[in-house]
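Read through the structure below, which is laid out as structure tokens, and then see the notes.
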Amino acid sequence: MTNSNNKIKIGPTVTLFVPYDCNNACPFCVNKDEYRDTSYFSLERCYRSLDILNRIFPHNDIVLTGGEPLANLDILQDILNHIEDSHNVYINTTLPTNADQDEKRIAEVLNKYKDKISCVNVSRHLRHYVKECSDDIFGMLDFRHRINCVVFEDTDAEHLRAFLERFKGQEVQLRANYSKLSLDNVFDTKDDELFQLIASIADYQGQLEQELFRTGFMFKYDGDTTVTYHKTLPYSKINGKVGDIIIRQTGFIYDDWNNYGERLDLNSLADIPYK
């Protein structure tokens, strides 16, 4: 399914780091250090921060990421129930299976919220950094979902084509390695080897809307597979303007990712400039 529940967006994206680790070790992950000390994690404070931000930005996008939002399906449902219907909701996940949740259970829970979820981004990579459940799950999902692949290591046309063949007919997002991006190259294509590689095996459709700190490029692979090449900086505060507001696992609100961010108070939230 590729239906989209996109609503009007006003205000910066709010990204919630759920207080549950993923137990993976992807080499490109910019969040992993955040999960090394869980002693001050608080879901209750996360809810309070969501409530505060909902009052200030009632029509913005909310991203659930981590860590792993699907580490606890009961809590995930509680979080989704807590988010007002006026928001676009995006979930970044590996769709983890274990003894208590198989593909059918995951699909059952997520499909309950098909009218609330705008898109689920599913981590699948050229190398298996995470434990992957069966690809059968994608046929069970009744809402928009996208295969999210960070191209961390050097690759070639053969391996990239094999990856796109695996997910033929799905929506695929290829992402540049965050650690290699800066304001000098985030919008560049001429000297971008990965862009050139994708263009050699897929038909370039054009650039997506360019934002302050990220951009994307649209391709079609073999006629029926939509491929987006996404480039984003590992920080989102530029020249005083904020693109993402972060609710960390502690529940405290920051104006940027990881070491770039500073804690925000209510006065700064009310007056924050954003793109």
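The values are calculated or read from the model by the stated rules, or taken from the named source; none is laboratory data. Source: prediction; values computed, not measured. Reconstructed Cβ throughout: ideal geometry from the backbone, glycine too, with neighbour counts over all protein chains shown. Protein only, heavy atoms only, side chains kept; ligands, DNA and RNA dropped before computing areas. Shrake-Rupley method; radii C 1.70, N 1.55, O 1.52, S 1.80 Å.
Structure values in brief
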| item | result |
| --- | --- |
| Check on L50, among the aliphatic types (A, V, I, L, M), open to solvent by less than 10 Å² (accessible area, probe 1.4 Å), at pLDDT 95 or above and in contact with a helix residue (DSSP H, G or I) (Cβ under 9 Å, 6 or more places away or on another chain) | no |
| Some residue of region 87-106 being crowded, with 17+ Cβ neighbours inside 10 Å, of a type in the set (D, E) and in contact (Cβ under 8 Å) with a residue 24 or more places away in the chain | yes |
| Output for region 145-155, where each listed residue is open to solvent by 40 Å² or more (accessible area, probe 1.4 Å) and in contact (Cβ under 8 Å) with a residue 24 or more places away in the chain | F152, T155 |
| Condition check for R127: more than 20 Å from L16 (Cβ to Cβ) and in a helix (DSSP H, G or I) | no |
| Qualifying residue in region 96-109 (condition: at pLDDT 95 or above, assigned to a loop (DSSP other than H, G, I, E, B), within 27 Å of Y229 (Cβ to Cβ) and within 20 Å of the chain's Cα centre (by Cα)) | no |
| Among the residues listed as Y40, Y113, the single one being touching a helix residue (DSSP H, G or I) at 6+ places or on another chain (Cβ under 8 Å), assigned to a loop (DSSP other than H, G, I, E, B) and more than 23 Å from C149 (Cβ to Cβ) | Y113 |
| Out of E193, E209, sole residue that is open to solvent by 50 Å² or more (accessible area, probe 1.4 Å) and closer than 19 Å to F152 by Cα | E193 |
| Of all residues in region 212-241 being aliphatic (A, V, I, L, M) and at pLDDT below 95, the one that is most open to solvent (accessible area, probe 1.4 Å) | L212 |
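Every residue, every condition in (1) touching a residue at least 12 places away in the same chain (Cβ under 8 Å); (2) farther than 30 Å from L80 by Cβ; (3) open to solvent by less than 50 Å² (accessible area, probe 1.4 Å); (4) not basic (K, R), yes or no:
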{"position": "D135", "(1), (2), (3), (4)": "yes, no, no, yes"}
{"position": "F143", "(1), (2), (3), (4)": "yes, no, yes, yes"}
{"position": "A157", "(1), (2), (3), (4)": "yes, yes, yes, yes"}
{"position": "L164", "(1), (2), (3), (4)": "yes, yes, yes, yes"}
{"position": "D184", "(1), (2), (3), (4)": "no, yes, no, yes"}
